[in-house]
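Step one of this worksheet: look at the structure below.
The values are calculated or read from the model by the stated rules, or taken from the named source; none is laboratory data. Predicted model, so just to flag it, every value in this text is computed and none were measured. Ideal geometry is used to build each Cβ from the backbone, glycine not excepted, and the neighbour counts take in all protein chains shown. Remember, those area values only see protein heavy atoms, side chains included, never the ligands or the DNA or RNA. Shrake-Rupley method; radii C 1.70, N 1.55, O 1.52, S 1.80 Å.
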Amino acid sequence: MFTMFKDMNEVMDAIWNAAEQSFIDHMEGVTDYFLAFKEFGMRLVSFAKHESNIFQMLFLGKRARPEIAEKIARECLTHAGQGYGLTDDQADLLFRQMWPVACGIAALCVKHPEDFSDESSAVHFHITSAV
């Protein structure tokens, strides 16, 4: 392993980069949806359910890096703002209200994925994104 990496820090950096890329790949094309933030929330939950170890590492651990998800979520809301004619302040308010909901459901899915089917997540995100 150390023939490829100089030290353990390089190993950890490579692991983090691969984990972040896995999340980015999972979110590929999310802004192409009309309700992009709803799609983002559903994919966040799906990632938490199906890649729980990576989700925990990226978003729940001591060295969590939620910035990557927040950046994608904000891009989705920019698209939503344009589609619905929201001002930047309104889109920001929507982000601050929906972000804890999306993250909370995803975090619950790490421990209890059976409690959140893809269908129930879709219904929940449809209801809350309409509000």
From the set of residues in the range 44-78 that are closer than 14 Å to residue 106 by Cα and of a type in the set (Ser, Thr, Tyr), which is nearest to the chain's Cα centre (by Cα)?
46
Selection from the range 63-92 of residues that are at pLDDT 80 or above, open to solvent by 80 Å² or more (accessible area, probe 1.4 Å) and over 27 Å from residue 22 (Cβ atoms)
88, 89, 90
Does residue 105 fit the bill of being under 10 Å from the mean Cα position of the chain (by Cα) and open to solvent by less than 50 Å² (accessible area, probe 1.4 Å)?
no
Can you find a residue that is part of a helix (DSSP H, G or I), open to solvent by less than 30 Å² (accessible area, probe 1.4 Å) and in contact with a Cys (Cβ under 7 Å, 6 or more places away or on another chain) anywhere in the range 15-34?
yes
For residue 59, only one of the following conditions fails: (1) over 19 Å from residue 16 (Cβ atoms); (2) touching a Pro at 6+ places or on another chain (Cβ under 6 Å). What is its number?
(1)
List the residue pairs whose Cβ atoms are under 7 Å apart, where the first residue sits in the range 35-57 and is open to solvent by 50 Å² or more (accessible area, probe 1.4 Å), the second is assigned to a helix (DSSP H, G or I) and modelled with pLDDT of 90 or more, and the two are 6 or more positions apart or on different chains.
51/22; 57/19
Which of the residues belonging to the range 108-131 are at pLDDT 85 or above and open to solvent by 80 Å² or more (accessible area, probe 1.4 Å)?
108
Just to be sure, is residue 7 without any contact (Cβ under 8 Å) to a residue 40 or more places away in the chain, of a type in the set (Asp, Glu) and open to solvent by 80 Å² or more (accessible area, probe 1.4 Å)?
no
